[in-house]
Amino acid sequence: MTEKLLGVGLYTSIEASRLIQTSSQTISHWLSGYSYKSKDGDNIFIERLWKPDIEKTADNQVQLSFRDLMETRFVNSFRKAGLPLQ
């Protein structure tokens, strides 16, 4: 596994959140998906936006490659410009 990580860049969601100026929870949602309860009490699951280069760690932490970092930067810029995720 370690050999596959050489040369891809490696960032934690906390490092990425500082670099692109959004919360680490938001980054985790974009890369992992998330669920919430609707006003009607239904469980709603939102899929991740793309398949990250690096899967979550054994302790369920999100890690980003440089490509994933750039993807989150673009998504964050679009969101700040008022564009919806859809």
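The values are calculated or read from the model by the stated rules, or taken from the named source; none is laboratory data. Note that the structure is predicted; figures quoted are calculated from it, not measured. Note that each Cβ is placed from the backbone with ideal geometry, even for glycine, and that neighbours are counted across all protein chains shown. Only protein heavy atoms, including side chains, enter the accessible area calculation; ligands, DNA and RNA are left aside. Shrake-Rupley method; radii C 1.70, N 1.55, O 1.52, S 1.80 Å.
Averaging Cα coordinates gives a centre for the range 67-86 and one for the range 7-48; these two points are 12 Å apart. The lysine pair tally for the chain, using Cα distances under 26 Å and a gap of 8 or more places or different chains, is 7. Along the axis of the charge dipole computed for the range 42-86 (Cβ charges of +1 for Lys and Arg, -1 for Asp and Glu, origin at the Cα centre), the listed residues V62, T72, I46 are led at the positive end by T72. Placing dummy labels 7 Å off each Cα toward the beta-carbon, the span from F66 to S38 is 4.3 nm.
Sorting K39, K80 by accessible area puts them as K39, K80; the probe is 1.4 Å, largest comes first, and only protein heavy atoms count. Based on the Stokes-Einstein relation at 37 °C and a viscosity of 0.692 mPa s, and on the Kirkwood radius from alpha carbon pairs, the chain is assigned a translational diffusion coefficient of 238 µm²/s.
How much of the accessible area of the chain, probe 1.4 Å, is carbon plus sulfur, in whole percent? Mind dumping the intermediate values first?
Values: 3310 of 6300 Å².
C and S atoms contribute 53 percent here.
Estimated at 0.36 nm per residue, the fully extended path between Q21 and F45 surpasses their Cα-Cα distance by 6.1 nm. Under a point-charge model restricted to the Cβ atoms of Lys and Arg (+1) and Asp and Glu (-1), what is the dipole moment magnitude of the range 1-75 relative to its Cα centre, in debye to the nearest 20? Charge dipole of the range 1-75: 140 debye, to the nearest 20.
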